[in-house]
Each structure stands twice: as C-alpha cells, then as structure tokens.
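Inspection log for the structure reproduced underneath, given as structure tokens.
The values are calculated or read from the model by the stated rules, or taken from the named source; none is laboratory data. In this text, all values refer to a predicted model and were calculated from it rather than measured experimentally. Positions of Cβ are backbone-derived with ideal geometry, glycine not excepted, and every protein chain shown enters the neighbour counts. The protein model used for the area step is the full one, side chains on, heavy atoms only, and it has no ligands, DNA or RNA in it. Shrake-Rupley method; radii C 1.70, N 1.55, O 1.52, S 1.80 Å.
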Amino acid sequence: MLAQRAYLFVVLEGARPLAGGARYALDGVTEIQVGRGDRRAATVVRDPDGARMTLELPSPILSRVHARLRRSPAGWALEDAGSRNGTYVNGQRIARADLQPGDLVEIGHAFLTIGRFEERADAPARDLDAADLAGEPAGFRTLSPAVAARLEELRRAARSDVNILLVGESGTGKEVLARGIHHVSGRPGPLVAVNCNTLKEGLTESQLFGHVRGAFSGAVADAVGFVRAADRGTLLLATATSTATTPRSVSSGASWAIRRATRRRSERAARTTSSSGRSTSRTASRAGSSRRSPRQTSWRRRAGRASRGPASRRKGPAGASTSRAPASRRRRR
C-alpha cells in the first residue's frame, strides 16, 4: 500500500556548494523555522498541537530567524520573518507566498524546496544527508525517495546475469550509472566501456572478439578484444542506439557481431565429435593431402622439361644440337 509523504529538501548552500544536499521528513510537521546556526541540522519538537521543525544552516547572510513555513489545508505558506537579506520564491522577493509544487525558495543563498512522493506506507520516513551517501557509488547517490526505490531494483538486477539497458540523452550520466552497476554487482573482472561509434566497418567482429597477428592488414599483434577483456566483469556498449558514424548501430553492429559469434560457436559445438574421432579424421586428411595424383605428377614432369630449355639439348655430329627424342623414336631412326 502506498502513501503520500512530504519532504523538505536543502538543494544547495551557496556558502558551501560542495556540502551537497539534504532531505528532512515532514510527517506531522505543521511549522518550519529556518535560520542561522553553527552547522546544518534539523530538530523536531512535538507537542499536542503538532510538530515544529527548526532548520539551521551555517550561512553568514542568514538571520537568526530568517523565515517560517506553515502548513495549511491548501499546502505550505512561506513568510519572511523580518530578515535583513530577504526571502525569494523563484527569484522574486516576497513577504508572504503560498508555495506551489516545484517552487524554489532562496533564503540567504540557500535553496530549498518541498516535494511529495509516493512510498510504501509500512516503510519508515527518514532524514538523509549527502554525507550519509559517501559510501555509495556515484551513480547510486540520490536524495529522492522515488529514484532511490528504482535504484534499489537496479541494485538487485546488477547482481544477476541479466542484461541491462540504460536509456537517456547524451550527458545524463549513463556511464556513471553503469560504473555504479559494476561496483554493486561484485564481479571481480573490470568494466570495459566501448563507444560503438568508434567501431570500424568490417572490423567490428575483430574489435569485439579479438584477432591474431596478421589476420588482416594492420593486425601487427594479437588482440583479445573487448568481450574477452571484460571477462568476469561488465561490458558497456555506449551510444549503441544513437545515430552512429559507423554503418552498423547496435542492431546491426555490436549486437550483430555478438549474435554472429554466438551462432558460430553453436555451429562449431554441434560439429564437434569425440576427441579420438577428430584426431583420426585429421590424420587421414593430412595423409591424403600429402599424396599427389597421377595428373599432378605428369604436369610437374612436363613443367620440368620445359624449364630446362636449350640446356637440355645434347650435341650431335658436327656440333649440331639435337633434342632428346624418346627411345622408341631413336630406335626407328
């Protein structure tokens, strides 16, 4: 069963941009007071009339009591508490305003917002600071409860053998998330990232699965290929579905080569018999290939005679050269 929960988010502190953000659960909270303090902290005091939260931020331009937010049936109302530097909503200075979903509040160069999310009713609502996520991979750090729930599903999938497709615009962090997936998977092998746009036409299969020296022009050394390099690890085919400069995208490029190699392996496995039968067949094949047919032998003899040319002729009487005629012809003469 799902329930709606509200959270107060500290999105960014202008005085400490590297401190990251924080979120605070607003279950039962009817009033929030924001002001200056020695460190970032939120305390909640509960009484019969409701719960009151005090949020302190270490900003030198915040007043001791800068602003207040009060819950109403329509939502949350923000009012300035007579601060020196003012309170802003979406860039506009206000004395009082009713907040709408997604509104961004600026208080002393600190940016706040209130968000509502659907969560499991039996799951506890908890506060979370960016410092608490330092041990998580970069792609799995989030303050959003909705995103955190999806990442937990992804964490379970990362430990299995299923393939994972990440879809997003360029620059949205797909490779960062892929590195996080590899980290939480526990695989001992490396993460090998392949930009499919750089795969060359005609060499896709050799780049993915490797080649030996001299297999084609330019193959000056053996190469294991990207797939073998990612053994027991994670293979990331990046920009696989974009409009690539290579003629083959994921359907006709990288995955095409993977399917083709898999099919070839299956065909080779189907043709494989017992080791004794294979060795006997190979021995017989080599023995048969070493024998020459009568036609090959006759051709080689004729070629040898033609190559001897004038040197093969013998001198006759008076220094005249005569060709070596067959014995039957010499007897008739």
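Matching residues to (1) without any contact (Cβ under 8 Å) to a residue 12 or more places away in the chain; (2) farther than 24 Å from Ala97 by Cβ; (3) open to solvent by less than 50 Å² (accessible area, probe 1.4 Å); (4) polar (S, T, N, Q):
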position	(1), (2), (3), (4)
Gly20	no, yes, yes, no
Tyr24	no, no, yes, no
Val29	no, no, yes, no
Ile32	no, no, yes, no
Met53	no, no, yes, no
Pro58	no, yes, yes, no
Ser63	no, no, yes, yes
Ala77	no, no, yes, no
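Criterion applied to Val176, Val167 was being open to solvent by 50 Å² or more (accessible area, probe 1.4 Å) and within 20 Å of Gly21 (Cα to Cα), and the one residue passing it is Val176.
Looking only at residues of segment 93-132 that are free of Cβ contacts under 8 Å to residues at least 60 places away in the same chain and not in a strand (DSSP E or B), we find that the one that is farthest from the chain's Cα centre (by Cα) is Ala95.
Of the set (1) closer than 24 Å to Ala19 by Cα; (2) surrounded by 12 or more Cβ atoms within 10 Å (Cβ to Cβ); (3) at pLDDT below 95, all apply to Leu104 but (3). For segment 83-92, the condition of being assigned to a strand (DSSP E or B), surrounded by 14 or more Cβ atoms within 10 Å (Cβ to Cβ) and modelled with pLDDT under 95 holds for none of the residues.
Summed over segment 110-154, residues that are in contact with a strand residue (DSSP E or B) (Cβ under 7 Å, 6 or more places away or on another chain) and either of a type outside the set (S, T, N, Q) or farther than 19 Å from Val11 by Cβ (or both) total 20. The lone criterion from (1) modelled with pLDDT of 95 or more; (2) loosely packed, with under 14 Cβ neighbours inside 10 Å left unmet by Leu69 is number (2).
Tell me which residues, restricted to segment 110-157, are open to solvent by less than 70 Å² (accessible area, probe 1.4 Å) and within 21 Å of Gly37 (Cβ to Cβ). Listed by number, the residues that qualify are Ala110, Phe111, Leu112, Thr113, Ile114, Leu128, Asp129, Ala130, Leu143. The number of residues in segment 183-196 being open to solvent by less than 20 Å² (accessible area, probe 1.4 Å) and closer than 21 Å to Ser170 by Cα comes to 2. Note down all Cβ pairs under 9 Å where the first residue falls in segment 197-210 and is crowded, with 17+ Cβ neighbours inside 10 Å, the second is aromatic (Phe, Trp, Tyr), and they're at least six residues apart or on different chains. Going by the 9 Å Cβ cut-off, the qualifying pairs are Thr204/Trp256; Glu205/Trp256; Ser206/Phe216; Gln207/Phe226; Leu208/Phe226; Phe209/Phe226. Within segment 38-67, the set of residues being in contact with a Gly (Cβ under 7 Å, 6 or more places away or on another chain) and within 20 Å of Phe111 (Cα to Cα) comprises Glu56, Leu57, Pro58, Ser59, Ile61, Leu62, Ser63, Arg64, Val65, His66.
Identify the residue in segment 1-18 that is touching an Asp or Glu at 6+ places or on another chain (Cβ under 7 Å) and not small (Gly, Ala, Ser) and, among all such residues, is surrounded by the most Cβ atoms within 10 Å (Cβ to Cβ). Restricting to residues being touching an Asp or Glu at 6+ places or on another chain (Cβ under 7 Å) and not small (Gly, Ala, Ser), the top hit is Arg5.
Test of understanding: among Arg263, Arg228, Arg213, which residue is part of a helix (DSSP H, G or I), of a type outside the set (Phe, Trp, Tyr), open to solvent by 50 Å² or more (accessible area, probe 1.4 Å) and modelled with pLDDT of 80 or more?
On the way: Arg263 fails: modelled with pLDDT of 80 or more; Arg213 fails: part of a helix (DSSP H, G or I).
Going through Arg263, Arg228, Arg213 in turn, the sole match is Arg228.
When residues in segment 185-228 are screened for being closer than 26 Å to Ser160 by Cα and hydroxyl-bearing (Ser, Thr, Tyr), 1 of them pass.
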